[in-house]
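Scroll down for the structure; my scribbles are underneath it.
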Amino acid sequence: MVIDGEVDGTIDSTGTLTIDQHGSVRGEIRAKSVTVRGTVEGNVFATERCELQAGCTLRGDVEAPRFVVDENATFLGSAKVGTPK
């Protein structure tokens, strides 16, 4: 699923989610894989990976087994990376 507009609320997906450059999400995100190119204000829970690409902004916490942050991304929050034992 690709979001290229504004979403206000929780997103719960079993697949791959991309917040495009013009996309904005205010709320919690739960998905298998999350790629952020736009703006997210809320926590992100990914079961496989979370990627913050250049130019994006994420204000919130991240929990994911794999977490990739581009050096030109803005991330204001905390991260729990890895799989629970």
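All of the numbers you see were taken from the coordinates with simple rules; none came from a lab. Quick caveat, the model's predicted, so the values are computed rather than measured. For neighbour counting, all protein chains shown are included, and Cβ atoms are generated from backbone atoms with ideal geometry for every residue, glycine included.
The table below gives the values:
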quantity: Residue count for the range 16-41, restricted to those that are surrounded by fewer than 19 Cβ atoms within 10 Å (Cβ to Cβ), of a type outside the set (S, T, N, Q) and either in a loop (DSSP other than H, G, I, E, B) or in contact with a helix residue (DSSP H, G or I) (Cβ under 7 Å, 6 or more places away or on another chain) (or both); calculated: 4
quantity: Subset of the range 42-64 that is outside any strand (DSSP E or B) and small (Gly, Ala, Ser) - its residue that is nearest to residue 83 (Cα to Cα); calculated: 60
